[in-house]
1. Testing the spin-label approximation: label points 7 Å from Cα along Cα→Cβ at Glu21 and Met36. State their distance in nm.
2. Roughly what % of Cα-Cα distances in region 52-120 sit above 20 Å, to the whole percent?
3. Pull up all non-local amide H partners of Gln90: gap of 5 or more, or a different chain, and H-to-H distance under 5 Å with H placed in the peptide plane.
4. Using only the alpha-carbon atoms, what does region 1-55 span along each of its principal axes? Please give whole angstrom values in decreasing order.
5. Distance between Cα centroids, region 73-125 to region 4-50: provide it in whole Å.
6. Per residue, how large is the accessible surface of the chain? Use a 1.4 angstrom probe and give square angstrom.
Amino acid sequence: TSSLWISTQSEEPLQVGDVAEATGFPAVGENRISLMHAEIADTHVPAPIRPQEYSWSELAIWTKNNPTGHQFDLVSIQGRAVTEVREAAQDEYVLLAGGRLFTAVYNHPPPPRPLPAMLEVPLGSTIRVTGVCMIVDTSPYKGEASFNILLRSFSDIEVTAPPSLL
């Protein structure tokens, strides 16, 4: 019923949506249990997880009754594209939702793999991004925490409405 962060040194490709087996050393951090120094094996059995759609406040507001929020969960959120930036290691899309900003991040594949062209999103358009919710502020009891959405691929970005003509 909850997500699990698994830290691994493996560079073996995994098929998104397949059942995987992981072994590692348990660790606790950021109010979650994790597996560190893990090994992951793809079973090649498809069992895709459907992301839940959330608003900005549902992803950013933490309470004592929900201390882990949606950290590490596969989520979907809509926002208006404000800007996009290509950096050496990642592409960033800044979105506005609920009057607040958040960032969707696509990490580039490690070298020597070729760098894909950045997906150009029309600024001002409404887009839905799907990815792993990563809380930036690790002090959740303040009530509000910054977050990023880690994209798995450019197919995790969907334009749902073009920019306004005004």
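1. Once both label points are built, they end up 2.5 nm from each other.
2. In whole percent, the long-distance tail amounts to 42.
3. Sorted by chain and number, the residues that satisfy this are His108.
4. Sorted from largest, the Cα extents of region 1-55 read 31, 28, 17 Å.
5. Value for the Cα centre distance between the two parts: 24 Å.
6. For the chain, the per-residue accessible area is 61 Å².
The values are calculated or read from the model by the stated rules, or taken from the named source; none is laboratory data. Quick caveat, the model's predicted, so the values are computed rather than measured. We place every Cβ from the backbone using ideal geometry, glycine too, and count neighbours over all the protein chains shown. Ligands, DNA and RNA are stripped out before the accessible areas are found, and what is left, the full protein with its side chains, is counted by its heavy atoms. Shrake-Rupley method; radii C 1.70, N 1.55, O 1.52, S 1.80 Å.
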